[in-house]
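Below is one structure; the comments refer to it alone.
The values are calculated or read from the model by the stated rules, or taken from the named source; none is laboratory data. Computed from a prediction, not measured in an experiment: that's the story for all the values here. Counting neighbours? That spans all protein chains shown, and the Cβs are built from the backbone with ideal geometry, glycine included. Each accessible area value is taken on the protein alone, full model and side chains, heavy atoms only, with ligands, DNA and RNA left out. Shrake-Rupley method; radii C 1.70, N 1.55, O 1.52, S 1.80 Å.
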Amino acid sequence: MTLFRLAISALFVLSSIATAQAKTVWVDDQLYLPVRSGAGSQYRIIENAVPSGTPLEVIETSDSGYTRVRTAKGNDGWVSSQYLSDTPIAADRLKTVSRQLEKAKSELSSLKEKLTAVSSERDSLSDAESSLSTRSDELQQELRRIKSIASDSINLERRNRELLEESQKLRNDLEVLTAENERLEASKESDFMLVGAGLVFGGVLLALVIPMLKPTRKTDNWA
């Protein structure tokens, strides 16, 4: 259990050291800070007049009021901690804010252009939607008209079929009536012929019978 605690403590210390090494500080406002070879003003200056706003990488800190740093030139040295700041100086922050402001303005302008383009596209889509709606209404009307025509065509076809059937039936009836009329005509002619023959026969018979009905004259023997 003790080894585990030691391991945890070691990891915590190493993590703290790594965090301290990754930390960045800045030289405070209106200052040219000397970097010395040791943690004190008696040590020689290894890099002179580091200007304010310069970022320095923190290597370690001490209780003597000095911090070991690494400069942008790659020099390791000690500087007074009271002249260091955890945040960039006001001038740099102002420059950063100004850059951010310009970037924001540029993004705002770009967004305005995009908004204008989107609005134009929206209007175009709205017009297209209106046109499509109108076209849809026209197509609906055309569809209804076609359905009506199709319905009329179906009705006409059915009526035409009925008329054809009726016409065929009438032709059949006409053929039957024509045949019946021809039969009646033939029967009528036959009746006329029979009547005529009867009349002829009656006339001949009368011609034979009438002379027989006349009284005969007695011969006068005294003559």
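Taking all protein chains together and a 1.4 Å probe, the residues Thr54, Thr24 rank Thr24, Thr54 from largest to smallest accessible area.
Let me know the charge dipole size of the stretch 67-142 about its Cα centre in debye, to the nearest 20, where only the beta-carbon of Lys, Arg (+1) and Asp, Glu (-1) is charged. List each step's numbers first, then the result.
On the way: 12 positive and 13 negative charges, 242 e Å.
Roughly 1160 debye for the stretch 67-142.
Solvent-accessible area of Asp191, all protein chains in place: 80 Å² (probe radius 1.4 Å, heavy atoms, ligands and nucleic acids excluded). Compared with the direct C-alpha span, the chain from Thr24 to Arg161 gains 39.3 nm at full extension, assuming 0.36 nm per residue.
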